[in-house]
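A quick write-up on the structure given underneath.
The values are calculated or read from the model by the stated rules, or taken from the named source; none is laboratory data. Only a predicted model underlies this, so the values are computations on that prediction, with no experimental measurement involved. Quick reminder, even Gly has a Cβ in these numbers, built from the backbone with ideal geometry, and neighbours come from all protein chains shown.
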């Protein structure tokens, strides 16, 4: 009898599930929106138990949709959003909810980390401390809750643990998920005792770190009944959603340059070594599913959400596509308008006082000028990141950018980025790469795939021919605007921004 695995992808915006065969083909897939609640400026919330229950329900739906018999399922793996933590007690009860990556409540501790440990973090860690500041906040501001917390884990680890009916002592994360902590060692892929102590955190509250394909448990009787899958089904650790996606697309070879335009926007490059960006502190790292490989990247936390914010608050009931169409009729430069795209603070390099703003507004600017300036501002930030990646890895020849994520449906935005970065943009067909990656991880855990590094990624026949080539005239225009954006970043109205954020009212 043929066997299949289930892959689950727990994203910020939605939950995806797929049934995957041993060749990596997705037989069926289902997507459900996730509930993202704004609790005020800088505050975002999600419920980890909502993800747990809905994961069981979406598993049932995707298996039914596939038409396969539940007993033919051989295993499962779950990937998930990498920023955010769940603090659990000894009974695996969530005490913190999902303190998600987009929530800025702990940003004071992020600033403290960068002030006190900036050089050490740049040398030792992956460079993007989102989760460690959250743990610091819980200890300092909610000591009674912190005392009860047995382990801090990520969302996919929580859901997998609940499905397996784990005890807190069994709590885990895989090593790709170390990327967004801040008390990890990027080289050894383990917790740094020195940094953990410097952050005044307790090592015993850190979960064990495992490889993505390690079996962490089996589907419990209760979970199996609701999901309509076999009891005792092996559950493998899984990975962060981005590393799982890069595995699923086959973007592991050094020099693969990828734009991920989702809720958070990332410019990523596969590399074969960890080179700390101690000078610029702009390039961050994600450990690859394949040990010894990394993804060098820069990102804007919530970059894609900025577009939805504009639509909802200033778009006059227009859709994103209509806004983009109008922006596409505006010449490059948006009528001499620049936009700082850091509504949630700048991360690469870190500047927690940065915020979003338009520079150069006049009465002649329309909402389409403002919207195009946002699209260009996100592109200018990519250009600064690409410059830093090239400085660290001068031997890598970058030939084109592969584009994936929901934002790549926007032809205008893709063209803007191709011209700003002066590289061809190859927009990938819609495909659930993270689901495929989770499926491959499960197959490797089952022993059916011996070497993930040699597993073929997307073939040429699977890739479409949607390639946007840079327009020489617009490339020249954007060279001047990139200089202005860089100067604006250096000046950054930094004193004003910092004082503004420190005001009590």
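Of the residues making up segment 1-12, those that are modelled with pLDDT under 90 and surrounded by 17 or more Cβ atoms within 10 Å (Cβ to Cβ) are 11, 12. Checked against (1) buried (at least 23 other Cβ atoms within 10 Å of the Cβ); (2) assigned to a helix (DSSP H, G or I), residue 212 meets all criteria but (2). Every condition in (1) out of contact with any strand residue (DSSP E or B) (no Cβ under 6 Å at 6 or more places or on another chain); (2) in the same structural domain as residue 271 (by TED's automatic domain parsing); (3) not in a loop (DSSP other than H, G, I, E, B) is met by residue 434 except one, and the failing one is (1). Take the conditions modelled with pLDDT of 95 or more and either outside the structural domain of residue 58 (by TED's automatic domain parsing) or buried (at least 24 other Cβ atoms within 10 Å of the Cβ) (or both) and apply them to residue 147. Does it pass? No.
Does residue 370 count as closer than 22 Å to residue 467 by Cβ and touching a residue at least 24 places away in the same chain (Cβ under 8 Å)? Spelling it out, it is not the case that residue 370 is closer than 22 Å to residue 467 by Cβ and touching a residue at least 24 places away in the same chain (Cβ under 8 Å). Among all positions in segment 113-125, there is at least one residue which is surrounded by 24 or more Cβ atoms within 10 Å (Cβ to Cβ), assigned by TED's automatic domain parsing to the domain that holds residue 180 and modelled with pLDDT of 95 or more. Mind listing just one residue for me: the one in segment 226-249 that is in contact (Cβ under 8 Å) with a residue 24 or more places away in the chain and in a loop (DSSP other than H, G, I, E, B) and, of those, surrounded by the most Cβ atoms within 10 Å (Cβ to Cβ)? Of everything passing the filter in segment 226-249, 238 is surrounded by the most Cβ atoms within 10 Å (Cβ to Cβ). A single member of 271, 229, 210 is within 21 Å of residue 390 (Cα to Cα), more than 13 Å from the chain's Cα centre (by Cα) and modelled with pLDDT of 95 or more, and it is 271. Looking across segment 215-225, the residues that are within 19 Å of residue 57 (Cα to Cα) and outside any loop (DSSP other than H, G, I, E, B) come down to 218, 221, 222, 223, 224, 225.
Tell me, yes or no, whether segment 263-276 has at least one residue that is part of a loop (DSSP other than H, G, I, E, B) and on the phi > 0 side of the Ramachandran plot. Taking every residue of segment 263-276 in turn, none turns out to be part of a loop (DSSP other than H, G, I, E, B) and on the phi > 0 side of the Ramachandran plot.
Screening segment 1-80 for strands (runs of 3 or more DSSP E) wholly inside it with 3 or more residues that are over 22 Å from residue 262 (Cα atoms) returns the ranges 4-10, 73-80. Checked against (1) in a helix (DSSP H, G or I); (2) surrounded by 22 or more Cβ atoms within 10 Å (Cβ to Cβ); (3) at pLDDT 95 or above, residue 197 meets all criteria but (2). Of the candidates 220, 188, the single residue that is free of Cβ contacts under 8 Å to residues at least 12 places away in the same chain and out of contact with any helix residue (DSSP H, G or I) (no Cβ under 6 Å at 6 or more places or on another chain) is 188.
Would you pick out the residues in segment 89-120 that are more than 20 Å from the chain's Cα centre (by Cα) and part of a helix (DSSP H, G or I)? Correct list: 108, 109, 111, 112, 113, 114, 115, 116, 117, 118, 119, 120. Residues considered: 329, 376. Of these, the only one that is without any contact (Cβ under 8 Å) to a residue 40 or more places away in the chain and either closer than 26 Å to residue 81 by Cβ or outside the structural domain of residue 286 (by TED's automatic domain parsing) (or both) is 329.
Rundown of residues vs (1) buried (at least 20 other Cβ atoms within 10 Å of the Cβ); (2) within 11 Å of residue 334 (Cβ to Cβ); (3) modelled with pLDDT under 95; (4) in contact with a strand residue (DSSP E or B) (Cβ under 7 Å, 6 or more places away or on another chain), yes/no style:
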residue: 360; (1), (2), (3), (4): no, yes, yes, yes
residue: 366; (1), (2), (3), (4): no, yes, no, no
residue: 375; (1), (2), (3), (4): yes, yes, no, no
residue: 381; (1), (2), (3), (4): yes, no, no, yes
residue: 386; (1), (2), (3), (4): yes, no, no, yes
residue: 390; (1), (2), (3), (4): no, no, no, no
residue: 393; (1), (2), (3), (4): no, no, no, yes
residue: 399; (1), (2), (3), (4): no, no, yes, no
residue: 403; (1), (2), (3), (4): yes, no, yes, yes
